[in-house]
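The values are calculated or read from the model by the stated rules, or taken from the named source; none is laboratory data. Quick caveat: nothing in here was measured; it's all calculated off a predicted structure. Every residue, glycine among them, receives a Cβ derived from its backbone with ideal geometry; neighbour counts consider all protein chains shown. The area values use the complete protein model at the heavy-atom level, side chains included, leaving out ligands, DNA and RNA. Shrake-Rupley method; radii C 1.70, N 1.55, O 1.52, S 1.80 Å.
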Amino acid sequence: TTGNALTDKRDIALLLTARDLMARRSEVVALNIGDVTCNEDGSGVALIERSKTDQDGVGAVRWLSPRTVTAIASWLSAAGMENASDETPLFPALKRDGSAKTKRLAASDVSRRFKAMAKRAGIDPADISGHSCRVGMAQDLVAAGTELPALMTAGRWKTAAMPARYTERLAAGRGAVAAYYSKKR
């Protein structure tokens, strides 16, 4: 832990939210409390109001796992933000005393927070970036059998270049040559 339970709760909720949404750093820090809605089954949805590939702000609604919704609720409760305005940043910066500020985390803070969590977990922080959740979820989806068009939709990519690059090693094992040799066994 960081020694500050509130920071830990925020950072865990931030990490899980970024992963479920396949969110870019700027997207996850732009979320407001009102952008998240809980479903009866414990899951939720979040509205990404605008993104790199949605400059007009049409918005995209994406699913959140029950684990993530629980982490968000735990964070908001610990921060005393359960009844905050819908326009309140979901992930604000924290004061030195650990209490929530009114300003949101900066996109550059996401990478720093992820690197700090990685270091505490014994993972080399040099291997972590603000997009690690996005890349990792893309890889996990491909490993689970998701095809490129569905992956592009999930990650809101307009071209196949980046998701293909993120998942090329996994996709190679499912490619035509790999399939050919698997039938020869």
Q) Going through segment 101-128 one residue at a time, which ones are open to solvent by 50 Å² or more (accessible area, probe 1.4 Å) and among the polar types (S, T, N, Q)? A) THR102, SER108
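Quick check on segment 147-159: of everything there that is free of Cβ contacts under 8 Å to residues at least 60 places away in the same chain and within 20 Å of ASP20 (Cα to Cα), which residue is least open to solvent (accessible area, probe 1.4 Å)?
Residues of segment 147-159 that are free of Cβ contacts under 8 Å to residues at least 60 places away in the same chain, as a first pass: 147-153, 159.
Next cut, within 20 Å of ASP20 (Cα to Cα) only: 147-153.
Working: GLU147: 112, LEU148: 62, PRO149: 93, ALA150: 55, LEU151: 0, MET152: 38, THR153: 90 Å².
For segment 147-159, the residue satisfying everything is LEU151.
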Q: Could you tell me whether segment 48-57 includes any residue that is under 12 Å from LYS9 (Cα atoms) and either at pLDDT 95 or above or not aromatic (Phe, Trp, Tyr) (or both)?
A: no
Q: Can you work out which of the residues in segment 56-96 that are in a loop (DSSP other than H, G, I, E, B) and among the hydrophobic types (A, V, I, L, M, F, W, C) is farthest from the chain's Cα centre (by Cα)?
A: ALA84
**Q.** Number of the condition not met by SER111 [criteria: (1) free of Cβ contacts under 8 Å to residues at least 24 places away in the same chain; (2) among the polar types (S, T, N, Q); (3) in contact with a helix residue (DSSP H, G or I) (Cβ under 9 Å, 6 or more places away or on another chain)]
**A.** (1)
